[in-house]
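The values are calculated or read from the model by the stated rules, or taken from the named source; none is laboratory data. Since the structure is predicted, the reported quantities are computational estimates derived from the model, not experimental observations. Glycine also receives a Cβ, built like all others from the backbone with ideal geometry; neighbour counts cover every protein chain displayed. Ligands, DNA and RNA are excluded from the accessible area calculation, which covers all protein heavy atoms including side chains. Shrake-Rupley method; radii C 1.70, N 1.55, O 1.52, S 1.80 Å.
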Amino acid sequence: MTGVAGEQLEFAGLPRPLFPATPSKLAAFDCPRRYRFTYLVRPAPPKGQPWAHNTVGAAVHVALARWWQHSAAQRTPELGATLVRRHWQHDGFASAAQSAAWREQAAGWVERYLQDEQIRRPGNEEPRGVERTVATRTETLSISGRADRIDERDGELVVVDYKTGRSVLTDDDARGSIALALYALASERTLRQRCRTVELHHLPTGTVASYEHTEASLARQLNRAEQTAIDIIGAIDTVAGGADPDEVFAPAPGPSCSWCDFRKLCPEGQAASTRREGWDGLGVLAGDVQDVEQD
Ligand code: SF4
């Protein structure tokens, strides 16, 4: 494996640049080795097999984004299902038949979800953003990310994140998500409108988990993000000082290594987890919900 590539250019006497953070980048540091493989080692190591559950998630996200590009009259729930079929890929599935069955299941999720949305929001108002890049900064971080959807309700912004994993999501998941809190802060800054509410819209069950942040709870999540960034910067500096990157960016093995793109390159991860096939994260057809999170 080649060495660590620095993320920031520094010049003597100049202040340190802000650390460029996205929610997924910060989350990747849950395992420092995975972070290093994803963001620092260049050329990037080859990823493992494609995952069918990621294929499902991608098709649902694309369909729900493209749906808003049509006129209000065209935006029917059935159009959502059509868009899932139009943008379907086959990566990671065991067979063409399995892929087709999941395509229809995902199309059904989206159609039912859009029916529910018509009841929740009968005006079908345009969101303030769809797949919208939002950004903000602190003394340490330059934060950016792409929100699935940003609504405006009662004069405030609401961050909506679509989920397609097996786990049923709760309001506690919405409350505890650093990513959602960062999206709220960045949405408020970019669109110049107050944003406190964050929502997880779970397509397989049609449920919505929600949390209304306070200034204090947003500050707590921002503090967690900054602390992670400080740890990442510290590790990068330690390696730049000559330390062994394999030791500094140590593995954090556990059962979830089954789903890591770099498991093949990681003896510790292999020892801690079961090898999975590309379609093992799919669960069971017809809406059965189990407890493996993805996306
Ligand atoms: S397999 Fe596990 S320990 Fe290894 S890099 Fe991936 S997440 Fe980290």
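Observations, loosely collected:
- 3J(HN,Hα) from dihedral phi, the stretch 223-232, Karplus parametrisation 6.51/-1.76/1.60, rounded to Hz, x for glycine, proline: 5, 4, 4, 5, 5, 4, 4, 4, 5, 5
- Note that the stretch 52-120 presents 44 Å² accessible area per residue, ligands and nucleic acids not counted, probe 1.4 Å.
- Expressed as a whole percent, the accessible area of the chain that falls on carbon and sulfur atoms is 50 (1.4 Å probe).
- Residues with amide H under 5 Å from that of A135, placed H, sequence gap 5 or more: T190
- When the Cα atoms of the chain are aligned to their principal axes, the ranges along those axes come out at 60, 47, 30 Å in descending order.
- Between E277 and E125, the modelled labels are 4.8 nm apart [label points 7 Å from Cα along Cα→Cβ].
- Radius of gyration and Dmax over the Cα atoms of the stretch 15-122, both given in Å: 18.4, 57
- The mean sequence separation of alpha-carbon pairs under 8 Å and at least six residues apart, normalised by the residue count of the chain, gives a relative contact order of 22 percent.
- Simple spin-label estimate for L191 and W68 gives 0.7 nm between the two label positions (7 Å along the Cα-to-Cβ direction from each Cα).
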